[in-house]
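Trainee: My structure is below; once you've seen it, I'll send some questions.
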Amino acid sequence: MATEQPKAGISGRGPVLDRLNRSSDFGKREGAKWFFLGLLSLIRRINYDPVLLFFLMLIAAIGLVAGYSASDQSVIWVEKSAFRFALAFLLMLAIAQVPQRFFFAIAPWLFGFVVVLLVAVHLFGDVGKGAQRWLDLGFIRFQPAEILKLGMPMMLAWFLARRPLPPRFLDVVIALILVAVPTVLIVMQPDLGTAILVMTAGLFVLFFAGLSWWYVLGFVLAISAAAPLMWFYVMHDYQKERVLTLFNPMADPLGAGYHTIQSMIAIGSGGIWGVGWLQGTQSHLNFLPEGTTDFILAVYAEEFGLMGLILLFGLYLAVIWRGLYIAAYAESTAGRMLAAAISMTFLVYVFVNAGMVIGILPVVGVPLPLMSYGGTALVTIMIALGMLMSIRTQRSFLGHER
């Protein structure tokens, strides 16, 4: 006789286990739901600009793709670069949480401290590759001039925001002195690329303070008049050589003109659509020096062509547009000037690097933002962009955004 199986519910164990399993599944679903809701709430509380962040992440991704090719397909290089990008983005988001009033509270103290450090560099700085740019404190070796890429616009914005705008003649003179003193100290190191970035950052603040065009014209004429004096009494021989090479790189094709010639060959080889990713000959056959740093744009142009350059420069212009948009609706005068100066300094980075790669500007060692391999410049740029996001999150945008 067949034995009758007991029904699931007779012993009481079956329904209880079913209920427990269902409760467990429900608890897991609820836990996951609350976790993601909490994460979303945390993200909403973090001050950042999603539009700006999106464009920056796209540029960083392109930088990793181009760098992988330029580094001879080195996975280690990509891992190191990705790690640096991750830390830089976290630093940018951390700076974005700082109230903008803090930047202006420390601006004069930071500016004065860095000027003292520049004097210290001139007196007993560490020499490397023929330049005296670093301070070696034993536990750290750093370049004080890099700090002024941020300290200069902060100082000028703080100074001018406390005075009537547009600035009066005396205020303009004082502002120009504030720009000139550290710029001259940096040129003496010598470091022409950093000096250009520091000077333009300060001048952009002065311009966005409502400077009269007559002042701008006078400044251009003064620079033009001072150019011969700078050539004969300020510029070093290698800097003069770079300027002369700009007009005739073929005069020394294996020496001073080598970088520019190989870069232009790489860009021309790319054509409209490029030769293809990982197929560039200039970088892979070691014709193009500094392929992962100053001349990474040439590597990218050879492999992705004109269309790739249009995409990349379109992303850079989107970053600059967003920065100027933030500046236009900043609540404070100082915030508006600082945001505009940061945006235009970002433009100078791109313009100078692209100009030296295509041979219309001398080679001055200015990196391409989020593309060139390097830690110090990346940190400086991301701190500046974090300050831009801080300004964005503390204004009304005329009611359009938070």
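Trainee: Between residue 127 and residue 217, what FRET efficiency comes out of the Förster formula 1/(1 + (r/R0)^6) with R0 = 51 Å and r the beta carbon distance, rounded to 0.05? Each step should come with its number before you reach the end.
Mentor: Values: r = 40 Å, r/R0 = 0.79.
Step by step, r from the Cβ atoms, then E = 0.80.
Trainee: Go through 369-382, 306-319, 217-230 and give me the packing order, highest mean Cβ count within 10 Å leading. Let's see the in-between values first.
Mentor: Details: 369-382: 20.9, 306-319: 16.4, 217-230: 10.8.
Answer by packing, highest mean first, reads 369-382, 306-319, 217-230.
Trainee: Helix-derived [θ] at 222 nm for the chain: sum -39500 (n - 2.57) over DSSP H runs of at least 4, divide by residue count, nearest 500?
Mentor: Numbers: 14 runs with 280 residues, N = 402.
Rounded to the nearest 500, the figure is -24000 deg cm²/dmol.
Trainee: Enter the Cα centre distance for the pair the stretch 203-250 and the stretch 358-375, rounded to the nearest angstrom.
Mentor: 19
Trainee: By its C-alpha gyration tensor, with a ≥ b ≥ c as the square roots of the eigenvalues, how is the stretch 102-163 shaped: rounded for a/c under 1.5, else prolate for a/b larger than b/c, else oblate? Please list the in-between numbers first.
Mentor: Details: a/c = 2.95, a/b = 2.52, b/c = 1.17.
In terms of gyration-tensor shape, prolate.
Trainee: Further, regarding this structure: May I ask you to evaluate 6.51 cos²θ - 1.76 cosθ + 1.60, the Karplus curve with θ = phi - 60°, for each residue of the stretch 343-353 and list the ³J(HN,Hα) values in order in whole Hz, giving x for glycine and proline?
Mentor: 4, 6, 5, 4, 4, 5, 3, 5, 5, 5, 5
Trainee: For the stretch 165-240, how big is Rg over Rh, using alpha carbon atoms and the Kirkwood form of Rh? Each step should come with its number before you reach the end.
Mentor: Numbers: Rg = 13.3 Å, Rh = 13.4 Å.
A ratio of 1.00.
Trainee: Another question, if that's okay. Sorted by mean Cβ packing within 10 Å, highest first, what order do the peptides 146-157, 101-112 take?
Mentor: Working: 146-157: 26.2, 101-112: 16.5.
Going from most to least packed, we get 146-157, 101-112.
Trainee: How long is the stretch 281-390 along each principal axis, judged by its Cα atoms, biggest number first, in Å?
Mentor: 52, 28, 22 Å, listed from the longest principal axis down.
Trainee: Which one of 57, 98, 238 has its Cα pushed farthest toward the positive end of the charge dipole of the chain, where Lys and Arg give +1 and Asp and Glu give -1 at the Cβ?
Mentor: 98
Trainee: While we're on this one: Sort 323-331, 240-248 for me by packing, meaning the mean count of neighbouring Cβ atoms within 10 Å per residue, highest on top. Before the final figure, lay out the partial values.
Mentor: Values: 323-331: 19.3, 240-248: 15.3.
Top of the packing list down: 323-331, 240-248.
Trainee: Starting from 0 in steps of 10 Å, tell me what percent of the Cα-Cα pairs of the chain lands in each bin.
Mentor: It works out to 4, 19, 27, 24, 12, 4, 3, 3, 2, 1, 0, 0, in whole percents.
Trainee: How big is the Rg/Rh ratio for the stretch 250-342, C-alpha atoms only, Rh by Kirkwood, two decimals? List each step's numbers first, then the result.
Mentor: Details: Rg = 18.1 Å, Rh = 15.1 Å.
With Rg and the Kirkwood Rh in hand, the quotient comes to 1.19.
Values quoted throughout were computed directly from the atomic coordinates according to the rules given, and no laboratory measurement underlies them. What you see is a predicted model, and the numbers here were worked out from it, not measured in a lab. Cβ sites come from the backbone with ideal geometry, for glycine too, and all protein chains shown count toward neighbours.
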